[in-house]
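Following: one structure in structure tokens, then a few remarks.
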Amino acid sequence: MPETMIDLRSDTVTRPTPEMRRAMADAEVGDDVYREDPTINLLEARAAEIFGKESALFLPTGTMGNTIGVKCLTTHGQEVICDARGHLLNYELSMTSWFSGCQIRAIHTEDGILTWDAIQREIRPLGPHAADTGCIELENTHNMAGGTVYPQAVIDEICDHAHDRGIAVHMDGARIFNAATASGVGVKQMCAKVDTVQFCLSKGLGAPAGSMIVGTEAHMKKARLYRKRLGGGMRQVGILGAAGLIALETMPHRLSLDHENARTLAAGLAQIPGIRVITPVPATNIVIFDVSSTSQGSASISAALKLRGVLINGINPTTMRAVTHYDVSAGQCAQALTALAEVLS
């Protein structure tokens, strides 16, 4: 097996930059549970400023961020509307039911983008037989739809109508800076009408760990208590926060390179017999492709690619996902395409 692997499994595999490592080594720290960690305090203030929200909270993971965001906006026994392929529903161990006591009302979409027309048909008032809708959750970018991006008008329309009905909106913005880069809309404008937003520092922004949640001061006071209940009081966590600050300030500007590499990868995949690219022109950094017309399943393809120094995961037996990031160059994407063509030849 090659010593150097081309890792296209996810943008979570990125390693901290030299600048991040230096910042971590030199970080000024304190006890964050007492709110005495100056680096975390600075990171939270900066995140709130960038998103135009009153307050922010540092968290170890995006799953915790979504769990807390939904909990802040709902009460036990309500429903949460989200896309049927959403991360909230499929990849977070049913935390919406386990921690928030809410049921998910899933809506199927072709591209991962919910619309108000689709949502309003599923909204339920509290009655003798139905739980009321407490929250609407949007995923931007949408992971399993291939990194698709919400149009700003769609976000605003959903928020306006939801708020008119007394329903809150949470955004899973794990890759929101990818969405901002692709759409040309800054995160402050994008999230102006959203109640709570979770975003990851550890995906495309390249920090070694950590996510943020932003919202009102009242919601973040609740969020801090929920974080404690979930075991997220991390003491001298400014060591991670220092890398998060570097990620937040310096990494968004380079995401367009990842998007360009994803488009190149998608175009190359489309030329390989038996492969159908589900996202022919990726909006961001995620390429999903179907291998059902080849003679192999995704597991055997992944295994053969690994022997050639390329890591790509299957989503299911017939579908695979490749994610570009700053640790994979354009040249390495070309090498990955060559390896895949060899495997399928």
- Query: Taking the condition without any contact (Cβ under 8 Å) to a residue 12 or more places away in the chain and either within 14 Å of Leu8 (Cα to Cα) or among the acidic types (Asp, Glu) (or both), does Gly309 pass?
  - Reply: no
If you go through Ala130, Ala145, the only one that is under 22 Å from Ala179 (Cα atoms), out of contact with any Cys (no Cβ under 7 Å at 6 or more places or on another chain) and of a type in the set (Gly, Ala, Ser) is Ala145
Conditions (1) open to solvent by less than 10 Å² (accessible area, probe 1.4 Å); (2) in contact with a helix residue (DSSP H, G or I) (Cβ under 6 Å, 6 or more places away or on another chain) -> His142 fails only (2)
Being of a type in the set (Val, Ile, Thr) and part of a helix (DSSP H, G or I) narrows Ile272, Ile288, Ile246 down to just Ile246
Within region 161-211, the count of residues that are of a type in the set (Asp, Glu) and either open to solvent by 50 Å² or more (accessible area, probe 1.4 Å) or within 13 Å of Thr61 (Cα to Cα) (or both) comes to 2
Reported set for region 78-95 where residues are open to solvent by less than 30 Å² (accessible area, probe 1.4 Å) and under 20 Å from Thr141 (Cβ atoms) is Val80, Ile81, Cys82, Asp83, Gly86, Leu88, Glu92
* Would you confirm whether any residue within region 333-345 is out of contact with any Leu (no Cβ under 8 Å at 6 or more places or on another chain) and without any contact (Cβ under 8 Å) to a residue 12 or more places away in the chain? => yes
Restricted to region 229-246 and to residues being out of contact with any Ser or Thr (no Cβ under 8 Å at 6 or more places or on another chain) and farther than 17 Å from Asn41 by Cβ, the residue surrounded by the most Cβ atoms within 10 Å (Cβ to Cβ) is Arg229
The condition of being in contact with a Gly (Cβ under 8 Å, 6 or more places away or on another chain) and in contact (Cβ under 8 Å) with a residue 12 or more places away in the chain holds, among Gly146, Gly65, Gly134, only for Gly146
Within region 7-40, restricting to residues that are in contact with an Asp or Glu (Cβ under 7 Å, 6 or more places away or on another chain), in a loop (DSSP other than H, G, I, E, B) and closer than 24 Å to Thr284 by Cα, the one that is least open to solvent (accessible area, probe 1.4 Å) is Thr14
Across (1) of a type in the set (Lys, Arg); (2) open to solvent by less than 60 Å² (accessible area, probe 1.4 Å); (3) assigned to a helix (DSSP H, G or I), Lys306 clears everything bar (2)
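The values are calculated or read from the model by the stated rules, or taken from the named source; none is laboratory data. Just so it is clear, the structure is predicted and the values come from calculations on it, not from any experiment. A quick note on method: Cβ atoms are made from the backbone with ideal geometry, for glycine too, and the neighbour counts reach across all protein chains shown. Surface accessibility is based on the protein's heavy atoms, side chains included, excluding ligands, DNA and RNA. Shrake-Rupley method; radii C 1.70, N 1.55, O 1.52, S 1.80 Å.
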